[in-house]
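The values are calculated or read from the model by the stated rules, or taken from the named source; none is laboratory data. As the structure is a computational prediction, the values presented were derived from the model and not from experiment. No Cβ is skipped: glycine too gets one built from the backbone with ideal geometry, and neighbour counts run over all protein chains shown.
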Amino acid sequence: MQFQVPQFIEVEDRIFGPLTFKQFVYVAGGLGASYIFLRILPMYVAAPLIFSTLGLSAALAFLQYNGRPFIYALEHGFFFLISSKLYLWSNKRAARQKADGKGQDIPGKPQVYVPKLSDSKLHELAWSLDIKEHMPESSL
């Protein structure tokens with residue numbers, strides 16, 4: 001028995017002339033809101049609102065950002081604005097100077113020797129215990 005495999009499933013159906021259902025809703029909503037602004041508000045207040053509403057509805061209906069609908073970009077921007085952020089500072093210049101050997105030791109701070117990974121786990125355990133015993137109380 002043969003079955004027909006659907007093709008072009010990523011393409012939305014055109015329902016209202018050249019517009020898909022989503023595009024029609026965005027355009028109709030923008031036109032409806034613009035009409036309400038025109039009827040309720042004075043023209044000098046309504047004009048900027050009408051232009052911004054029509055621009056947003058046109059962008060939502062027809063604009064694609066990185067190959068995805070503009071509504072996803074708005075959603076991601078909104079969640080970025082309301083979510084908490086963690087800012088980390090990385091001093092790349094100081095790390096680069098230390099790697100080059102130009103970094104200078106800070107006077108008064110003891111330098112701690114960190115051995116390379118050895119074959120003996122017992123040796124590493126003894127080293128870590130020795131370091132914790134000899135560390136000053138202020139640095140713990």
For segment 18-32, indicate whether the set of residues that are exposed (fewer than 10 other Cβ atoms within 10 Å of the Cβ) and either of a type in the set (S, T, N, Q) or over 34 Å from the mean Cα position of the chain (by Cα) (or both) is non-empty.
no
Out of everything in segment 1-17 that is β-branched (Val, Ile, Thr) and within 33 Å of the chain's Cα centre (by Cα), what residue ends up being farthest from SER57 (Cα to Cα)?
ILE9
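Determine whether segment 99-108 contains at least one residue that is surrounded by 11 or more Cβ atoms within 10 Å (Cβ to Cβ), modelled with pLDDT under 85 and more than 21 Å from TYR26 (Cα to Cα).
yes
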In segment 1-13, how many are under 30 Å from VAL27 (Cβ atoms) and at pLDDT 80 or above?
2
Could you pull out the residue among LEU88, LEU41 that is at pLDDT below 90 and not acidic (Asp, Glu)?
LEU88
Hey, among the residues in segment 15-34 that are out of contact with any helix residue (DSSP H, G or I) (no Cβ under 9 Å at 6 or more places or on another chain) and farther than 18 Å from ARG68 by Cα, which one's modelled with the highest pLDDT?
GLY32
If I ask for residues that are of a type in the set (Lys, Arg) and under 23 Å from LEU19 (Cβ atoms), which ones from segment 29-49 would you list?
none
